[in-house]
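These notes concern the structure reproduced below.
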Amino acid sequence: MAQTDTVTLHPPVVQRQPKDYKSDLEPIWCPGCGDYGVLNALFKAMSQLNIDPDKTVLVSGIGCSSRLPGFVVTYGFHGVHGRILPVATGIKLARPDLTVIGVGGDGDGYSIGMGHFSHAARRNIDITYIVMNNQIYGLTKGQTSPTSSHGFVTKTTPFGNVEGTLNPLQIAIVSGATFVARGYSSMPNQLARIIAEAIKHPGFALVDVFSPCVTFNKVQTYDYFKGKVYEIPATHDPTDKYAALRLAEEEEPFPVGILYRVERPTLNEEIARIQRQAYTENPSVEQLFKRYM
């Protein structure tokens, strides 16, 4: 009898559209809030990569922007203030097969969460961190944040902010982040491309987004940003750390795009290497005592 070839049938790959990632929960941000642009850019980025919602986790903390996981049909974890990154790190270490995305605001990430921010960057955990930077505390009704400008008048600084403005892009670069970018919520197509590149990147990826607060920040408005943002030119070398730091220092106009991108082993890869080494050597208890005692 003649041998017949066996044909294995695979289900067709379904290309998901941005609308396929929307949940039934309607966003409740103020009309005109920049976070709508970030959410739509995230939908577009997920569609571009055809990300499986069942293998994706969004982690958030406290703040207006931290409501975002509820608007997306993925798994979500709404944590406490400033604790996005340790939760996201734990998820990625436990389930390295998942796509893990942290979302939050400048108050959550760069104030109470700053200690976690620097350490997540240096560990190079393979997660994407999207920060909606409106340069004010929105949910608590308009107080100065770490990224508020000098002289900024709010309820907590009625005579003007006397503190310097924190630069999260420079902090991320010098802390060891391997992907650092800035976007603007009114440039959703470019922002979607940036987010897609950040998700694809193997390592800690920061996407800091200018996301105007239309209710409480009357300084850094959409009119303020008109003519004050420009796309980083293609001639920029994102592997040049010092060129990236100089770009991050620029103000008015502000560069948007990928400032810095390099590759080095992720935390998951380093742990896997140690596990392989330990398994290969398989030292006895006596050998370990001799080595370390």
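The length gained by stretching the chain between residue 49 and residue 143 to full extension, at 0.36 nm per residue less their Cα-Cα distance, is 30.1 nm. Taking the Cα centre of the chain as origin and assigning +1 to Lys and Arg Cβ atoms and -1 to Asp and Glu Cβ atoms, the resulting dipole is close to 340 debye.
To the nearest ten degrees, helix 84-94 and the longest principal axis of the Cα atoms of the chain are 10 degrees apart.
Note down the net charge around residue 224, summing +1 for each Lys or Arg and -1 for each Asp or Glu among other residues with Cβ under 15 Å from its Cβ.
With Lys, Arg at +1 and Asp, Glu at -1, the neighbours total 0.
Helix 35-49 and the long axis of the chain differ in direction by around 30°, with both axes built from C-alpha atoms. Exposure proxy ranking for 292, 222, 260, based on other Cβ atoms within 10 angstrom of each Cβ and starting from the fewest, stands as 292, 222, 260.
Do you know the relative contact order of the range 61-131, to the nearest whole percent, from alpha carbon pairs under 8 angstrom that are 6+ apart?
Here the relative contact order equals 37 percent.
Kindly list the residues of the range 93-134 that lie in the label zone of residue 163, defined by a backbone N under 20 Å from the point 7 Å along the Cα-to-C-beta vector. Only 104-119, 131-134 fall inside the zone, counting backbone N under 20 Å.
Loop-located trypsin sites (Lys or Arg not before Pro) in the range 119-179 (DSSP state other than H, G, I, E, B) with a sparse environment of at most 15 neighbouring Cβ atoms within 10 Å: 141, 155. If R0 is 51 Å, the Cβ-Cβ spacing of residue 24 and residue 239 corresponds to a FRET efficiency of close to 0.75.
Remark: spin-label model distance residue 200-residue 224 equals 3.4 nm, labels positioned 7 Å along the Cα→Cβ axis. Put simply, when 209-219, 66-76 are sorted by average Cβ atoms within 10 angstrom per residue, most first, you get 209-219, 66-76. Between 100, 174, 131, the GNM of the chain built on Cα springs shorter than 10 angstrom shows 174 fluctuating the most. Taking each of 241/290; 44/226; 92/155; 155/241; 44/241; 200/241 in turn, the alpha-carbon distance tops 32 angstrom for 241/290; 92/155; 155/241.
If you look at the Cα atoms of the range 26-161, you get an Rg and a Dmax of 15.4, 50 Å. The modelled label-to-label distance for the pair residue 214/residue 190, using points 7 Å beyond Cα in the direction of Cβ, is 2.1 nm.
Mind checking the angle between helix 267-281 and the chain's longest principal axis? C-alpha axes, 0 to 90 degrees, to the nearest 10. Taking Cα atoms only, the helix is inclined about 30 degrees.
When the Cα atoms of the range 18-265 are aligned to their principal axes, the ranges along those axes come out at 50, 42, 31 Å in descending order.
Its DSSP H runs of at least 4 residues, each contributing -39,500 (n - 2.57), put the calculated 222 nm mean residue ellipticity of the chain at -9500 deg cm²/dmol, to the nearest 500. Across q = 0.16, 0.27, 0.29 Å⁻¹, the range 72-115 modelled as identical point scatterers on its alpha-carbon atoms has Debye log10 I(q)/I(0) values of -0.43, -1.00, -1.08, in the order of the q list. GNM on the chain, C-alpha springs below 10 Å: top fluctuator among 83, 16, 273? Taking springs between Cα atoms under 10 Å, the residue moving most is 273.
Any read-out appearing in this document is the output of simple, stated calculations on the displayed coordinates, not a laboratory observation. Note that the coordinates shown come from a computational prediction; the quantities given were computed from them, not determined experimentally. For neighbour counting, all protein chains shown are included, and Cβ atoms are generated from backbone atoms with ideal geometry for every residue, glycine included.
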